[in-house]
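The values are calculated or read from the model by the stated rules, or taken from the named source; none is laboratory data. Note that this is a predicted model, so its numbers are computed, not measured. Cβ placement follows ideal geometry from the backbone for every residue including glycine, while neighbour counts extend to all protein chains displayed. Surface accessibility is based on the protein's heavy atoms, side chains included, excluding ligands, DNA and RNA. Shrake-Rupley method; radii C 1.70, N 1.55, O 1.52, S 1.80 Å.
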Amino acid sequence: MQSQQTQSSQNNDSEAARQESASSSSSSKPDFKLRFVLSGHKSSVSSLKFSPDGSLLASAGADKLIKLWNGTTGEFIQTLQGHTEGISDIAWATDGEYLASASDDKTIKIWSMEERSEIKTLVGHTNFVFCVNYNLHSNLLVSGGFDETVRIWDIARGKPLKVLPAHSDPVTAVSFNHDGTLVVSCAMDGLIRIWDAESGQCLKTLVDDDNPICSHVKFTPNSRFVLASTQDSTIRLWNYQTSRCVKTYTGHMNRTYCIPACFVTTPKGKFIVSGSEDHKLYIWDLQTRQVLQVLEGHRDTVLAVAVHPFRNLIASAGMEKDLTVRLWFDE
Amino acid sequence: MNESLINPFSTLSHPTAVQTSLFAGALFAKFDPTGRFIAAARLNGSAEVWDLETRAPIRWYDGHVKTITSIDWSRNSRYLLTSAKDWNVLIWDLSSTCDPPQRHAAIRFDAPVMSASFHPKNSQVILAVLATGEAYVCDLRKQHKSRVELLETIPDEGDEEDIPPRAPMTTARFDPTGKNIFVGTASGYILIFNTRTKTMIARHKISGAGAMKSFDFAKAGRRVVTNSSDRTLRQFILPNYAPYQPISETEQPPFLDVELEPTHRFSDPINKTAWHAMCYSPDGEWLAGGSADPAGHKIYVWDLSNDGQLATALDGGREPLTYLHWHPTKSSLASTTNHGSILIWHNPTPERWGAFAGGFEEVDENVEYEEREDEFDIEDEAVLFERKMKAEEEEVDIDTVVSGSQTSALFGGSGPTPTSAPETHSAGEAGTPVHVASLGMENGNSAADVGDLAGIDVDAAWAEEDPDCDVLSQWKVKVVMDNDAADFY
């Protein structure tokens, strides 16, 4: 199928009106408006990531494909094909030269952006690979999956360096901190664990009283906190040094799927953005925890969200009733 | 970043056990200043850079046709220098993506190069010692392009006939600031040269040392440890060196001629084995010495904050040690065996199983639990929620990075060292037998004073003129996908 790009009518009446009334109260509120709708995927889109320089947007999904789009105009560039099962997560190397993808075919593939092709397959997980991330120097990759392990890979040689029997349920998210010395992982057992990347030792476990399934976790840009999404429709910001939850964000709906949350830094302030099972995107103020904007337009659960590295641009994508990637601008 | 969780008090201990050994076929190996890599010199003249995170070689530098004699890293690890017995000093650029790697620069001398090093502030200034006992400073910068031999100033005693011949130079190092060059001679002298003017500013006789073999500086640069042919390591506290002030063109420049007394002497009293290498820990609190014992791999660690007592003797097995280097930030050592393996030593942190359970805290001994007055009170959920929301009002900072190395560097810099007291001595007071050649005592002091006021920045500014391209985060090491070597390592 030919991938196509459509320019949405920028002045969608009802949408614009709502935005206006919302933003009139305070000038520092985000004002994201839909600008582009990208279609091409044939099944649910599970992951969206902007390249570190912002020039490319990669999307991957249950249709086993990775699609590359222009990071700002949304023009379709290329489809990368190779996995034999659906893809759950993708991650860019910090220099943007490589892209890693985690698939239900139990492998991780590394794609070269120079050659626009697959250059390595990491084999080792014994069940679906669900999440993947690079470290700062992009010489290591961390992955987690339904075999309940967290694996750290030497990418240049394609060999696993460490296998951490990290959790007692599928690992839903795993990532390095900004300097690559720590790893955070979370799983359906509701635990968030912090690991020493070098020794593989567990340093800390964060757990909420109700033990809800933890679906996504990531470090803040300075790595002093972790942002965790749980399937009790809550996003929490944890101070992992003191094991204290310092912020709680609610209002969206998240009971079934693993929906990631992202930080948005704009001249207007700092926000948290997350998809929701009520087909919307929610934007909270980082400090006040108020919902500042709700983006409507998707026709199914919004599974994937990505934030452009320097422009005020959010990309979002949904499940199979929608199949579109939407780019929202606030500029 | 992980330091605060592993070791909240950020004290640096010495390594205790071998963490891993790398089969590198190395003569010697040196950590880079960031601690990410280790460079290994191989017998066949090639150099290898290993990534310590993946424990695998990532770059192979073939350029020398004879044995490599020394390796040095530029300040932010972008450039690697190798010197060899084939009369060449080669410089490699780690950020280069050429395959096979091409050398970044080459300097050719007229004799085998025994050691070479980068200026700590500018990798375009290079110091080299030749097998013939000469030391050169090579400046590769466009407007300074030069090669200057460091010449010992022979005090002019009036008698033209019996000027003693200059002793061959055996080792040379920049001090950590790069302002001075320390040269060791075969006759047991340390000569100090100003890097900018290349003139000798001081000379220290080390009595009983014999030929100097190598130096190592504590990070602040006020302490130096020497290895010499009498099989003893000596630690000295350095006096303040006044930068050279030109008084007149014709007159011989003055220099400080002082005999230094070591604060500590380290030697093996029983076997009297020599030392192959020694290295300070990053905070300068420990000194590690690699024994030249032919029957074993022994590393001695002395506790300098505890009057230089022997803290431990590490045993690395039966392969004799050839070289030793301390990690730039961590409690980790790299020692090389004569079979070519690099042993990486570390200080293992015990596994804390309590960390696996959330909200669980390990206690060392039984604690009598005291129930709080309100512990089992049933509180209104609304009140609890209110209180929680109130607590969450506090602003959080998600962007400002507070790195562990910064805090530890601060700690190391201001930390109390037992040797810090004498470091405030000025040039005139340092040591006891002060003898300033061809100038009176008063003149010597005034020169020192002027230097303290005006001279310091001249040297720093000189070094930072025409800076090199080794700036952090402006270059990166490209990950080279390696499909062939996968099974070999």
Cubic angstrom per residue, convex hull over Cα atoms of the protein assembly as shown: 204 Å³
Sequence of A:MET253, B:MET169, A:MET188 from largest to smallest accessible area, 1.4 Å probe: A:MET253, A:MET188, B:MET169
Probe 1.4 Å - accessible area at A:ARG35, Å² to nearest ten: 50 Å²
For the range A:2-329, size of Cβ-based charge dipole, Lys and Arg +1, Asp and Glu -1, in debye: 520 debye
Per-residue [θ]222 nm for the protein assembly as shown (sum of -39500 (n - 2.57) over DSSP H runs n ≥ 4, rounded to 500): -2000 deg cm²/dmol
Approximate spin-label separation A:ASN222-B:GLU371, in nm, with each point projected 7 Å along Cα-to-Cβ: 4.3 nm
For the protein assembly as shown, size of Cβ-based charge dipole, Lys and Arg +1, Asp and Glu -1, in debye: 2480 debye
Leading residue at positive end of dipole, the protein assembly as shown (Cβ point charges), from A:CYS258, B:GLY284, A:GLN287: A:CYS258
For the protein assembly as shown, cysteines whose Cβ has no other cysteine Cβ within reach (under 4.7 Å): A:CYS131, A:CYS202, A:CYS245, A:CYS258, A:CYS262, B:CYS98, B:CYS138, B:CYS279, B:CYS469
Out-of-range pairs (alpha-carbon distance over 26 Å; input A:LYS67/A:LYS270; A:LYS268/B:LYS478; B:LYS213/B:LYS476; A:LYS109/A:LYS218; B:LYS30/B:LYS298; A:LYS106/A:LYS218): A:LYS67/A:LYS270; A:LYS268/B:LYS478; B:LYS213/B:LYS476
Set of aspartates and glutamates with alpha-carbon distance to A:LYS29 below 13 Å, sequence-local pairs under 8 removed: A:GLU20, A:ASP285, A:ASP330, A:GLU331
All aspartates and glutamates inside 18 Å of A:LYS159 as judged from Cα atoms, apart from same-chain residues fewer than 8 positions distant: A:ASP105, A:GLU118, A:ASP147, A:GLU198, B:ASP51, B:GLU53, B:ASP482, B:ASP484, B:ASP487
For B:THR16, solvent-accessible area (1.4 Å; no DNA, RNA or ligand), Å²: 70 Å²
Total accessible surface hidden between B and A, rounded to 100 Å², 1.4 Å probe: 4400 Å²
Spacing of the two label points (7 Å from each Cα toward its C-beta) at A:SER55 and B:LEU384, in nm: 5.4 nm
B:ARG231 accessible area, 1.4 Å probe, all protein chains in place, Å² to nearest 10: 110 Å²
Formal net charge of residues neighbouring B:GLY317 (Cβ-Cβ distance under 13 Å; K, R +1; D, E -1): -1
Neighbourhood net charge (13 Å Cβ-Cβ; Lys/Arg +1, Asp/Glu -1) for B:LEU260: +3
Average accessible area per residue (Å²) across the protein assembly as shown - probe 1.4 Å, nucleic acids and ligands excluded: 44 Å²
Relative contact order (%) - criterion: Cα under 8 Å, at least six apart; region: chain A: 14 percent
Euclidean distance of C-alpha centroids, the range B:299-366 and the range A:55-116, integer Å: 42 Å
Entries in B:LYS179/B:LYS219; A:LYS33/A:LYS64; A:LYS33/B:LYS390 that, when Cα-Cα distance is taken, lie over 21 Å: A:LYS33/A:LYS64; A:LYS33/B:LYS390
Rg [Å, one decimal], Dmax [Å, integer] - the range A:20-127, C-alpha atoms: 16.3, 54
Environment charge at B:GLY45 (Cβ cut-off 11 Å; Lys +1, Arg +1, Asp -1, Glu -1): +1
Kirkwood hydrodynamic radius of chain A, Cα pairs, Å: 19.7 Å
Centroid-to-centroid separation of the range A:133-148 and the range B:82-119 [C-alpha atoms, Å]: 36 Å
Normalised contact order of the range A:22-86, rounded percent, pairs of Cα under 8 Å and 6 or more residues apart: 22 percent
Heavy-atom accessible surface of the range A:2-329: percent carbon and sulfur, 1.4 Å: 46 percent
Selection from A:GLY144, A:ILE119, A:CYS131 lying farthest towards where the dipole of the range A:109-171 points positive, charges on Cβ: A:ILE119
Reach of A:LYS49 by Cα under 13 Å, taken over aspartates and glutamates that are not fewer than 8 positions away in the same chain: A:ASP89
